[in-house]
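The values are calculated or read from the model by the stated rules, or taken from the named source; none is laboratory data. Computed from a predicted model, the values in this text were never measured in an experiment. Positions of Cβ are generated from backbone atoms using ideal geometry, with glycine treated the same way; all protein chains shown enter the neighbour counts. Just so you know, the surface numbers come from the protein's heavy atoms only, side chains and all, with ligands and any DNA or RNA stripped out. Shrake-Rupley method; radii C 1.70, N 1.55, O 1.52, S 1.80 Å.
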Amino acid sequence: MAAPSTTPSLPPALADAVRDDASLRRFLHGLPGVDQVGVEQRAAGLGTRSIKKAAKMWAIDTAIGMVDLTTLEGADTHGKVRSLAAKARRPDPDDPDVPKVAAVCVYPDMVETAVEELRGTGVGVASVATAFPSGRSSLKVKLEDTAYAVDAGATEIDMVIDRGAFLSGRYGQVFDEIAQVKRACGDAHLKVILETGELATYDNVRRASWLGLLAGGDFIKTSTGKVSPAATLPVTHVMLQAVRDWHAQTGELRGVKPAGGIRTTKDAIKYLVAVHEVAGPEWLAPTLFRFGASTLLNDLLMQRRTQLAGHYSGPDYVTVD
């Protein structure tokens, strides 16, 4: 197994976990099991909380600043990416007080265009890599894919794990791939996509989360958005527990990114409540929590206008992706 490059000094229990394949398996299968009923009930309960108007404006602006504005379609064009970048840096052309989004997320061949459009704005450029979305390719190709995006100027890489290897119990192989992709990222941050919709159980989500953290992921991410189900609140709870517990054991802060299926302001607020209650208020920042979304931003903008104007503003008032 390749040693991760991001954690120079792990506590003894975690250092022992990455010593070899057998130790890694023993650690991952020794994690506490997830109480399915408990996590689903807590997610549902937190999802019913209401917030007051002033808090709602804060939540909307916070969510806007956490969006990874995404286009990952075979029909993507450089023109579409330029339009996306314009929306990222000025989400509402009529209101300069609206925060910028955290990043745009594109395929590697679109990174250079995004970088040109966003240079100097503070908006990051994320690129998917490692044979997204399936992850079905050789390690050599995955590393070349990553290097291509980084060389084009990507500041963040969203990689996919080999779910077949994970589900077959080849945890060392998955660890090595993540660790080597992390090294190929250089200064770019790494988000590790677990594709939780294919992992079948919450226990597997917990194991994959810890595997991604141990191997050096700066973020763990639910989904590619190409598999159903994508992000869900209970799964995100399990991942938030993992980064909270990682921080408790190492002192390091790592992030979480739910992606896919989060389309409304109401949805986003439910996730923000979960972040606050499960991980803690430290995670309510784009450095530690992101939304992977293509349509969420429009609803956030409409709801923001509604809060300010006191009446509903329809979709005609925001640009449509």
Checklist outcome for this item: A careful count of residues in the range 36-56 that are closer than 21 Å to His237 by Cβ, of a type outside the set (Gly, Ala, Ser), in a helix (DSSP H, G or I) and over 21 Å from the mean Cα position of the chain (by Cα) gives 4
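Tally up the residues in the range 96-108 that are open to solvent by less than 70 Å² (accessible area, probe 1.4 Å), under 26 Å from Leu190 (Cβ atoms) and assigned to a loop (DSSP other than H, G, I, E, B), please.
So the count comes out to 4.
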Checklist outcome for this item: Within the range 134-179, residues more than 16 Å from Asp21 (Cβ to Cβ) and polar (S, T, N, Q) come out as Ser134, Ser137, Ser138, Thr146, Thr155
Next on the checklist: Tally up the residues in the range 249-260 that are more than 13 Å from the chain's Cα centre (by Cα) and either surrounded by 24 or more Cβ atoms within 10 Å (Cβ to Cβ) or at negative phi (or both), please.
Outcome noted: 4
Checklist outcome for this item: If we ask which residues in the range 261-275 are in contact (Cβ under 8 Å) with a residue 40 or more places away in the chain, surrounded by fewer than 24 Cβ atoms within 10 Å (Cβ to Cβ), out of contact with any Asp or Glu (no Cβ under 7 Å at 6 or more places or on another chain) and under 11 Å from Leu300 (Cα atoms), their number turns out to be 1
Checklist entry - In this structure, is Gly124 open to solvent by less than 20 Å² (accessible area, probe 1.4 Å) and of a type outside the set (Asp, Glu)? => result yes
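Scan Trp246, Trp283 and give me the residue that is under 14 Å from the mean Cα position of the chain (by Cα) and either open to solvent by 10 Å² or more (accessible area, probe 1.4 Å) or of a type outside the set (S, T, N, Q) (or both).
Trp283
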Checklist outcome for this item: Inside the range 189-205, the number of residues satisfying the requirement of being over 20 Å from Asp68 (Cβ atoms) and buried (at least 23 other Cβ atoms within 10 Å of the Cβ) is 1
Checklist outcome for this item: When the range 183-205 is checked residue by residue, the ones that are over 19 Å from Asp35 (Cα atoms), touching a Ser or Thr at 6+ places or on another chain (Cβ under 7 Å) and among the small types (Gly, Ala, Ser) are Ala184, Ala188
Checklist entry - Pick from the range 49-95 the residues that are hydroxyl-bearing (Ser, Thr, Tyr) and over 16 Å from Val275 (Cβ atoms): which of them is least open to solvent (accessible area, probe 1.4 Å)? => result Thr71
Checklist entry - Taking the range 157-188 as the search range and keeping residues that are outside any helix (DSSP H, G or I) and over 29 Å from Ala114 (Cα atoms), which one is most open to solvent (accessible area, probe 1.4 Å)? => result Arg170
Checklist entry - For Ala231, are the conditions met, namely being free of Cβ contacts under 8 Å to residues at least 24 places away in the same chain and either within 22 Å of Arg19 (Cβ to Cβ) or open to solvent by 10 Å² or more (accessible area, probe 1.4 Å) (or both)? => result no
Checklist outcome for this item: Scanning the range 287-301 residue by residue, those over 24 Å from Glu73 (Cβ atoms) and either assigned to a helix (DSSP H, G or I) or open to solvent by 50 Å² or more (accessible area, probe 1.4 Å) (or both) turn out to be Thr287
Checklist entry - Considering the range 57-83 alone, what residues qualify as being over 20 Å from Pro258 (Cβ atoms) and part of a helix (DSSP H, G or I)? => result Met57, His78, Gly79, Lys80, Val81, Arg82, Ser83
Checklist entry - Which of the residues spanning the range 109-136 are farther than 18 Å from Asp187 by Cβ and in a helix (DSSP H, G or I)? => result Asp109, Met110, Thr113, Glu116, Glu117
Next on the checklist: Among the residues in the range 137-152, are any under 28 Å from Ala86 (Cβ atoms) and in a strand (DSSP E or B)?
Outcome noted: no
Item to check | Any chance Leu296 is in contact with an Asp or Glu (Cβ under 7 Å, 6 or more places away or on another chain), of a type in the set (A, V, I, L, M) and modelled with pLDDT of 95 or more | outcome: no
Next on the checklist: Step by step: first the residues of the range 17-29, then only those that are touching a helix residue (DSSP H, G or I) at 6+ places or on another chain (Cβ under 9 Å) and assigned to a loop (DSSP other than H, G, I, E, B), then the one that is most open to solvent (accessible area, probe 1.4 Å). Which residue is that?
Outcome noted: Asp20
Checklist entry - If only one of Val111, Val115 is among the β-branched types (Val, Ile, Thr), surrounded by fewer than 21 Cβ atoms within 10 Å (Cβ to Cβ), at pLDDT 95 or above and over 14 Å from the mean Cα position of the chain (by Cα), which one is it? => result Val115
